[in-house]
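Structure first, then comments.
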Amino acid sequence: MRALLILFPLMLLTACANTTKEYVQLPAVPIPAELLADCEIPPVPESVTYGDVLEMNEKLMTSIENCNRDKRAIKEIESLR
């Protein structure tokens, strides 16, 4: 009885000894076109007041945040490859 208890786990271990690893190439994930689009630059008016500067600054900061978000998404996609 004891020989069967030792023989059975031994057979299980040797059955897995001849497995091989096979690597499969996956297709690359394409980067979406909206992430590769140029960043929008708000137009600068001819005559600028202090209020216009504040609004333009806000638009520029929003544009930079959107570009940074796109770049982070591209980095994330590249890290998954």
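Since every read-out is calculated from the coordinates, none of them should be taken as a lab result. Just so you know, these numbers come straight off a predicted model, no measurement behind them. Neighbour counts run over all protein chains shown; Cβ positions are idealised from the backbone, glycine included.
General remarks:
- Straightening the chain between CYS67 and GLU22 buys 12.2 nm, computed as 0.36 nm per residue apart minus the Cα-Cα spacing.
- Across the options TYR23, LEU80, SER63, the greatest Cα extent toward the positive end of the charge dipole of segment 19-81 (unit charges at beta carbon of Lys, Arg, Asp, Glu) belongs to TYR23.
- Estimated from the Cβ-Cβ distance and a Förster radius of 35 angstrom, the FRET efficiency linking ILE31 and ASP52 is about 0.45.
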